[in-house]
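Below: the structure, in structure tokens.
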Amino acid sequence: MRFCSAGAAVLLFSTLSCGGHSSLTPATVSGPYEFVVTSNVTGGVTLVETNLSASGNQSSASGPSQVQILTLEKKIWYVNGVCPGNTPGQNGVSSSLSGNNVTVTFNEGGNQFSGTGSMTGTTINGNYLVTDSPCPNLNGLSGYPPGTDQGGFVGNIVPPLAGTFSGSLNLPDGTDNASLTLTENSDTTLSVSAQLTGGLDNGTFTFTGYAVGNVMFVSGAVNGQQLDLFGYYDRTGAYTGMPGSILVFNYDTFTSAGLLLAQ
């Protein structure tokens, strides 16, 4: 799906959490959420990971440490979504809650959309309709005017990122056996201890960054070479086929680095 519009709108409807892994309170939406946005137009699925913080009935999140996006469309993964705006990765979400009704505005790297949804308990469900989107991915689709997207979304709170995950990673110096231990702090900062063996990368290396919903967004040096990693934690295996797995990408090249399994 073209996340630029679909995902965006979806997030919008999403109105949720930020800050640490906190629970919802009456008339507020806050904490780490994952929104699964499904386009009825392209069939793509956009995963919107966000940490929303609330002030009264208003919630907001912005920047790489609070909003991350990943789209799966036609078996291809797109870090930052299928159609980011002029500032990829610089995303934002703002929302307003009235009763169980939510109005949200989502900014995906410069593409801004709004929508509405409803909240039951800690779950947000909704539908979205986007027209006149500038996303090229929404042009030339049979039966739809250019820039049109529609579909549904579901948002749920997710627990902290933690645990040890192992497998093979394709890194700039070659393919390594890797064991990554994740520790998320109360402020959603994330520490990763990476044990690498094979090729030139032998030893334990430390990465730091943020947990954003189900996304690991961290940086560190491996043998003096800076490396930025983006990892999506698929708790149920719905997208990787392996429950409790982390799909890792080299954020500098947006290429897949490998799949790590929970130990």
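With R₀ fixed at 35 Å, the C-beta to C-beta distance from residue 185 to residue 74 puts the FRET efficiency at about 0.40.
Mind running the shape call on the stretch 51-104? Use the C-alpha gyration tensor, a ≥ b ≥ c as the square roots of the eigenvalues: rounded below 1.5 for a/c, prolate if a/b tops b/c, oblate otherwise.
prolate
Measuring from a point 7 Å past the Cα of residue 100 along Cα-to-C-beta, which residues in the stretch 115-143 have an amide N at less than 13 Å? Only 117-126 fall inside the zone, counting backbone N under 13 Å. With all pairs of separate Cα atoms included, the stretch 162-262 yields a Kirkwood hydrodynamic radius of 13.3 Å. With each label modelled as a point 7 angstrom along the Cα→C-beta vector, the residue 114-residue 255 pair spans 4.3 nm. For the chain, modelled as a Gaussian network with Cα springs under 10 Å, which listed residue fluctuates most, 67, 104, 158? Most flexible of the set in this elastic network: 158. Centre-to-centre, using Cα atoms only, the stretch 76-133 and the stretch 145-222 are separated by 23 Å. Values of log10 I(q)/I(0) for the stretch 19-168 across q = 0.10, 0.16 Å⁻¹ run -0.35, -0.89, by the Debye formula with one identical scatterer at each alpha carbon and no solvent. In deg cm²/dmol and to the nearest 500, what is the mean residue ellipticity at 222 nm of the chain if only DSSP H runs of at least 4 residues count, each as -39500 (n - 2.57), divided by the residue total? Using -39500 (n - 2.57) per qualifying helix, the result is -500 deg cm²/dmol.
All of the numbers you see were taken from the coordinates with simple rules; none came from a lab. Keep in mind it's a predicted model, so treat the numbers as computed, not measured. Glycine gets a Cβ as well: all are built from the backbone with ideal geometry, and neighbour counts include every protein chain shown.
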